[in-house]
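Enquirer: Below are the structure tokens for one structure; questions will follow.
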Amino acid sequence: MRRAAWLCALALAACTEAGPPEPGPGVPALTYADPSPWTRGGTTVPPPGPSGRLLVTNSLDDSVSLLDLDGLGTPGWGERARVPVGLHPVELEGPHHTAVSPSGDFYYVGISNYVPGGGSGPHGAHGTGTADGYCLKLSAKDHRLVASARVDPNPGDVIVSADGRTLYQTHFDLLRIADVARKGGPEEAMVARMAIIDAETMTVKERVKVCPAPHAVRLSADERTAYVACWSDEVAVVDLAAAGMPVTRVKVAAGAGTAVSPRHQPYALTVSPTTGDVWVSSLASRQVQVLEPGTRAMNPERTVYLRGAPMFGAFTRDGRTLYLPYRQEDAVAVIDAATSTVSRTVQLSQAGCLNVHQFMLTPDERHGLAVCEGDHIGPGTLHVVDLAEGTVVSTVELGRFPDSVSLLRGQP
Amino acid sequence: MRGLCAGVAALLVGVLAGCGGGDEPRAAADYGEALFQDARLSPSEYNPFSCATCHVTTPAAPAGRIDSGHTLYNVAARPSWWGGNETRLLDAVNFCYVNFMRGVTKLEADEPRSRALYEYLSRISPDAQAPALPFTVVKDIQDVPRGDATRGEAVYRAACQGCHGATHTGEGRLTNQASVLPEVTRDYDEAFPGIPHAQVVIEKVRHGPFFGVGGNMPLYGTEALSDADLGALLTYLGL
């Protein structure tokens, strides 16, 4: 009887116990008022038009500007939306370059975590480039994060293979060069890696040691070779199809410098779609140097000398013309690839361009798009260039420190 | 004996059935409200925070309360959160859930608890056109002018005491993991040698666990806590 009374007391105690329901697995039966949870509020972006959508990273805004190609250059044409990008909403993460899947379903953004002025404090290490970077996979449909891969510090360039299955992510790790130099270490210890990432799963398949501070990476047409611009006055040639992916480093000029004291500072690359020649943009020497794939040697006779630091350019499909933006004047050099001569120059500075970073062509090759970083304090700009006229027909203000532009084709 | 057991069993069934209406389903929003106020929303045994720790649900916070987080009144109707850096409500919630509440995995949209929480947030969001609220992170930490100690005491009570308890003793603090102020600053000489104690406190307040700071204290943007109030707080803490 005493036991029965105890059980009753226990039951009553359970009944009278105050407090909220246990939020563990034993969730009670619930009735829902909204059949579509978590759908109120928020911001959605309309799908891109039939011509596709431009993506421009804003490095100091942690955002991506979206501009539909339809109506390009017409009055009122501009930013369709600006969407946040990054792993979280508090710190500046420095979205750098982008790559777009051929199917148009996804795009990839390198998170550099290297943002000057992006945060300081007694024990915060952010902004010094010591934090690992990430490669983000984002849905082109709703711009939400799908997956990410943790990579080395200071991600530089990111590109995707033609089949969309593989990403190549370099690490422009100048800090490593400085750290090793300070300790008196050898140049080999300054070498940073290129991550090769499975684009579907976002797992890093390989990490290939390429050179000191590798930045731009481009593939040969058969995708058996990767060319990488190296701060150490070199181009790294990576045999992707060979066992162990051996790397050959080629100095960009006779009397070239070293990782610690570069004389040229290779930064960007543009590969000819017809000859496979690799045109190397070197910041310090303001030269565009040509590596010929057949010999894997530089041909100094084909070097183009510019009046400013050359950046990321674009070839026409026929391989005859290379549009190469360069700084100081903030202009685009139109280069005849056969003769290595500048046939004309398109000025961007009068249109408000400061610190041009990249130039790309629209699919019909009637227009060029120049991304200009600006002063890294106010907004940067995107300029639409009528290539036939050689004039800027449209200027759009973007976020802070816009960096790269790429085109998302088709309907995600 | 068998009759007694049967009688007890019948009594038990009757009593439990009387608890909360037996098997009657309850409104998800009501359950979500309970979750909102319960630290056990997070499965982590080390989590002391509930949503209500940092957010009120009224249009404005009552006098004497300064929260790191905005009011969640109308939260479900806003076009963005976290200063425009989150454009989906569940992502904004999960940022708190994972970073401050030590939730190991994010809440899924269709999970019953998640849905219940959403229904509660939706219920306290009557204005369909509610604007986004600003959230300004102080990225580069700098010293702030000191203020009035009396105001600083009020700021401490409104913003700090709920988690840290009384100064010097920590009495009434939310969790033993919360440091006792300002005594914790004595440890800073070892942890952050050469850095003024006040600067470490400023960074903790402004950066929370981010920018390499660590811990899981939520950060205060300038809308939540002005530099003037922060300066007053430092005076009150003797820093």
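Enquirer: So which of A:V252, A:V247, A:V271 ends up being at pLDDT 95 or above and touching a Phe, Trp or Tyr at 6+ places or on another chain (Cβ under 8 Å)?
Expert: The unique qualifying residue is A:V271.
A quick yes/no check of all residues on (1) within 11 Å of another protein chain (Cβ to nearest Cβ); (2) of a type in the set (A, V, I, L, M):
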site	(1), (2)
B:A28	yes, yes
B:R40	yes, no
B:V56	no, yes
B:T71	no, no
B:G83	yes, no
B:E111	yes, no
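Enquirer: Condition first: over 19 Å from A:K137 (Cα atoms), at pLDDT below 95 and acidic (D, E). Can you find one or more residues in region A:182-193 that meet it?
Expert: For region A:182-193, residues over 19 Å from A:K137 (Cα atoms), at pLDDT below 95 and acidic (D, E): absent.
Enquirer: So in region A:48-87, with the set limited to residues that are touching a residue at least 40 places away in the same chain (Cβ under 8 Å) and among the basic types (K, R), which one is surrounded by the fewest Cβ atoms within 10 Å (Cβ to Cβ)?
Expert: Per the stated criteria, the residue is A:R82.
Enquirer: As an exercise: evaluate A:S232 against (1) surrounded by 24 or more Cβ atoms within 10 Å (Cβ to Cβ); (2) assigned to a strand (DSSP E or B) and give the number of the one condition it does not meet.
Expert: Evaluating A:S232 over (1) surrounded by 24 or more Cβ atoms within 10 Å (Cβ to Cβ); (2) assigned to a strand (DSSP E or B) leaves (2) as the failure.
Enquirer: Condition test on B:A191, is it surrounded by 15 or more Cβ atoms within 10 Å (Cβ to Cβ) and within 11 Å of another protein chain (Cβ to nearest Cβ)?
Expert: no
Enquirer: Select, from A:L398, A:L408, A:L348, the only residue that is within 26 Å of A:Q265 (Cα to Cα) and under 24 Å from the mean Cα position of the chain (by Cα).
Expert: A:L348
Enquirer: Same structure, new question: Which condition from (1) assigned to a loop (DSSP other than H, G, I, E, B); (2) in contact (Cβ under 8 Å) with a residue 12 or more places away in the chain; (3) more than 14 Å from chain A (Cβ to nearest Cβ) is the one that B:A166 breaks?
Expert: (2)
Enquirer: Among what's in region B:139-166 and is among the β-branched types (V, I, T) and in contact with a Phe, Trp or Tyr (Cβ under 9 Å, 6 or more places away or on another chain), pick the residue that is nearest to A:L30 (Cα to Cα).
Expert: B:V155
Enquirer: Filter region A:352-364 for residues that are in contact with an Asp or Glu (Cβ under 9 Å, 6 or more places away or on another chain) and either hydrophobic (A, V, I, L, M, F, W, C) or in contact (Cβ under 8 Å) with a residue 40 or more places away in the chain (or both) and give the result.
Expert: Those that are in contact with an Asp or Glu (Cβ under 9 Å, 6 or more places away or on another chain) and either hydrophobic (A, V, I, L, M, F, W, C) or in contact (Cβ under 8 Å) with a residue 40 or more places away in the chain (or both): A:G352, A:C353, A:L354, A:V356, A:H357, A:Q358.
Enquirer: Provide a single number: the residues in region A:382-412 that are at pLDDT below 95 and of a type in the set (V, I, T).
Expert: Counting residues in region A:382-412 that are at pLDDT below 95 and of a type in the set (V, I, T) gives 0.
Enquirer: Against the conditions (1) more than 17 Å from the chain's Cα centre (by Cα); (2) in contact (Cβ under 8 Å) with a residue 24 or more places away in the chain, where does B:H207 fall short? Just the number, please.
Expert: Exception for B:H207: condition (1).
Enquirer: Turning to a different aspect of this structure: For region A:151-189, which residues satisfy the criterion of being under 22 Å from A:E234 (Cα atoms) and of a type in the set (S, T, Y)?
Expert: A:Y168, A:T170
Enquirer: B:A63: more than 16 Å from the chain's Cα centre (by Cα) and either under 30 Å from B:G215 (Cα atoms) or modelled with pLDDT of 95 or more (or both), yes or no?
Expert: yes
Enquirer: Hey, A:D233 hits all of (1) free of Cβ contacts under 8 Å to residues at least 60 places away in the same chain; (2) more than 21 Å from A:N299 (Cβ to Cβ); (3) not polar (S, T, N, Q) but one; which does it fall short on?
Expert: A:D233 satisfies all of (1) free of Cβ contacts under 8 Å to residues at least 60 places away in the same chain; (2) more than 21 Å from A:N299 (Cβ to Cβ); (3) not polar (S, T, N, Q) except (2).
Enquirer: Separate question: Of all residues being in contact (Cβ under 8 Å) with a residue 60 or more places away in the chain and away from every other protein chain (no Cβ under 13 Å) in region B:59-69, which is farthest from B:A154 (Cα to Cα)? Just the residue, please.
Expert: Going through the qualifying residues, I end up with B:D67.
Enquirer: Tally the residues that are among the acidic types (D, E) and either within 13 Å of another protein chain (Cβ to nearest Cβ) or touching a Cys at 6+ places or on another chain (Cβ under 9 Å) (or both), restricting the search to region B:202-233.
Expert: So the answer is 1.
Enquirer: Still on this structure, I have one more. Restricting attention to region B:94-105, does a residue exist that is among the polar types (S, T, N, Q), assigned to a loop (DSSP other than H, G, I, E, B), facing chain A (nearest Cβ under 8 Å) and free of Cβ contacts under 8 Å to residues at least 60 places away in the same chain?
Expert: No, there is no match, as no residue in region B:94-105 is among the polar types (S, T, N, Q), assigned to a loop (DSSP other than H, G, I, E, B), facing chain A (nearest Cβ under 8 Å) and free of Cβ contacts under 8 Å to residues at least 60 places away in the same chain.
Enquirer: Does region A:191-202 contain at least one residue that is over 21 Å from the mean Cα position of the chain (by Cα) and surrounded by 23 or more Cβ atoms within 10 Å (Cβ to Cβ)?
Expert: no
Enquirer: Checking B:T222 against (1) of a type outside the set (A, V, I, L, M, F, W, C); (2) part of a loop (DSSP other than H, G, I, E, B); (3) within 16 Å of the chain's Cα centre (by Cα), which test does it fail?
Expert: Looking at each condition in turn, B:T222 falls short on (3).
Enquirer: For region B:180-214, which residues satisfy the criterion of being modelled with pLDDT of 95 or more and assigned to a loop (DSSP other than H, G, I, E, B)?
Expert: B:V180, B:L181, B:P182
Enquirer: Can you name every residue in region A:369-394 that is more than 19 Å from A:T321 (Cα to Cα), among the small types (G, A, S) and surrounded by 14 or more Cβ atoms within 10 Å (Cβ to Cβ)?
Expert: Listed by number, the residues that qualify are A:G374, A:G380, A:S394.
Enquirer: Considering only region A:88-99, state which residues are more than 10 Å from chain B (Cβ to nearest Cβ) and either surrounded by fewer than 18 Cβ atoms within 10 Å (Cβ to Cβ) or β-branched (V, I, T) (or both).
Expert: Once the filter is applied, which keeps residues that are more than 10 Å from chain B (Cβ to nearest Cβ) and either surrounded by fewer than 18 Cβ atoms within 10 Å (Cβ to Cβ) or β-branched (V, I, T) (or both), region A:88-99 yields only A:T98.
The values are calculated or read from the model by the stated rules, or taken from the named source; none is laboratory data. Quick caveat, the model's predicted, so the values are computed rather than measured. Ideal geometry is used to build each Cβ from the backbone, glycine not excepted, and the neighbour counts take in all protein chains shown.
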